[in-house]
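Engineer: Structure below; questions to follow.
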Amino acid sequence: MSQFQQKTPVSRVEQLTGDVFRLTLDSHEIAGSAQPGQFVMLRTNEGKDPLLRRPFSISQTSNNKHFQILFKVVGRGTSLLSRCRVEETLSVLGPLGTGFTMESKRENYLLGGGMGIAPLLFLAKALLRKNRNNPPIVILGARSKDELVPLIHDFKTLGLSVHVATDDGTLGHHGLITDVLQVLAPSASARIAVCGPYPMMSAVYLYCKKHGQDCQVSMETAMACGMGACLGCIVPVAKGGYAHACSDGPVFDAKELLWKIK
């Protein structure tokens with residue numbers, strides 16, 4: 001699978017909420033070869049602070065020329081990134097990792113929590129391109145309405161059915177994504193893709209295990225190199241030992257992982 005390291009110009013900067021941003025970057029090579037679920041490693045500053053690159057899911061591509069990343073300001077790296085300007089260039093390595101292997105002929109449910117929503121837009125578009133007559137069903141969750149509204153719009157413009165859950169009840173169901181999943185009751189043949197906080201993904205895994213449904217999870221972990229060399233992103237697997245979230249994943253069949261269930 002092709003990987004590129006290049007200076008990539010920023011063509012658009014969007015502040016979606018107070019601390020959530022979206023960057024559009026121009027790269028024919030990355031946009032043209034990326035698959036849903038893959039990510040890029042991005043240097044947020046020309047200097048050595050922060051020293052390491054940061055991983056970001058590719059949230060969508062367009063015209064094989066542009067790709068987007070979605071992020072929330074949580075530290076120095078993302079704070080610097082939020083202050084990028086159009087025509088500024090960023091050092092980008094990607095696309096990296098193993099993406100989703102969804103089947104467009106099956107019933108597909110896409111579940112995202114918080115910034116874990118990012119790769120699901122890319123996946124939704126890919127499924128629609130393969131089979132517009134079988135659109136995926138989208139379930140999105142976040143702490144509050146403010147975090148969700150701009151992201152819901154992206155899915156609805158594709159004509160998709162979007163169901164929402166918020167922790168504080170300001171939008172949609174007041175509660176968990178799994179509550180919504182239970183109400184919708186996907187068929188046993190449905191495939192479920194999920195990305196978000198670990199407790200949410202483990203709860204979805206348990207639901208799918210109980211109902212005999214296929215479940216793919218995108219593991220969001222800290223990464224230093226993005227290529228499996230540093231051992232900084234290992235995740236325990238059911239057969240024993242560990243896998244690299246960056247190179248073996250970030251997308252895994254949920255039953256292949258060893259889940260810490262509380």
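Engineer: With only Lys, Arg, Asp and Glu charged, each at its Cβ (+1 for the first two, -1 for the last two), find how big the charge dipole of region 108-217 is about the Cα centre; round to the nearest 20 debye.
Structural biologist: Charge dipole, region 108-217, about its Cα centre: 500 debye, nearest 20.
Engineer: Restricting to bridges with both residues inside the chain, how much of the DSSP beta-bridge set is antiparallel, in percent to the nearest 5?
Structural biologist: 60
Engineer: Between Arg132, Arg43, Arg22, which gets the highest mean-square fluctuation from a Gaussian network model of the chain, Cα cutoff 10 Å?
Structural biologist: Arg132
Engineer: Quick one: if you take sqrt(5λ) for each eigenvalue of the C-alpha gyration tensor of region 108-217, what semi-axes come out, biggest first, whole angstrom?
Structural biologist: Its equivalent ellipsoid spans semi-axes of 19, 18, 12 Å.
Engineer: Counting Lys and Arg as +1 and Asp and Glu as -1, each charge on the Cβ, what is the dipole of the chain about the Cα centre in debye, to the nearest 20? Don't skip to the answer; put the middle values down first.
Structural biologist: Working: 28 positive and 21 negative charges, 55 e Å.
In debye, rounded to 20, the chain gives about 260.
Engineer: Lys260: which lysines have alpha carbons under 21 Å from its alpha carbon, excluding same-chain residues fewer than 8 sequence positions away?
Structural biologist: Partners found: Lys209, Lys210, Lys239.
Engineer: Antiparallel as a % of all DSSP beta bridges within region 48-179, to the nearest 5?
Structural biologist: The antiparallel fraction comes to roughly 25 percent.
Engineer: Quote the convex hull volume per residue of region 7-141, based on C-alpha atoms, as a whole number of Å³.
Structural biologist: Working: hull volume 13.9 nm³, N = 135.
Enclosed volume per residue, from the Cα hull, is 103 Å³.
Engineer: Which of Cys246, Cys230, Cys225 has the fewest other C-beta atoms within 10 Å, and how do the rest follow up to the most?
Structural biologist: Listed from fewest to most nearby Cβ atoms, that is Cys230, Cys225, Cys246.
Engineer: Would you please state the base-10 log of I(q)/I(0) at q = 0.20 1/Å for region 2-77, with intensities from the Debye formula using one equal scatterer on every alpha carbon?
Structural biologist: For region 2-77, the Cα-only Debye profile gives -0.91.
Engineer: How high is the relative contact order of the chain, in percent, counting Cα pairs under 8 Å that sit 6 or more residues apart?
Structural biologist: Worked out over the chain, it gives 17 percent.
Engineer: Now for a different question. Note down the relative contact order for region 4-96 as a percent, whole number, built from C-alpha pairs under 8 angstrom at least six residues apart.
Structural biologist: 42
Engineer: Helix-derived [θ] at 222 nm for the chain: sum -39500 (n - 2.57) over DSSP H runs of at least 4, divide by residue count, nearest 500?
Structural biologist: -6500 deg cm²/dmol, from helical runs alone.
Engineer: Fewest to most neighbouring Cβ within 10 Å: what's the order for Ile234, Ile58? Spell out each step's value before the answer.
Structural biologist: Values: Ile234 16, Ile58 28.
Neighbour counts put them in this order, fewest first: Ile234, Ile58.
Throughout, read-outs are computed from the coordinates displayed, never taken from laboratory work. Bear in mind that the values here come from a model prediction, so they are computed numbers and not experimental data. Glycine gets a Cβ as well: all are built from the backbone with ideal geometry, and neighbour counts include every protein chain shown.
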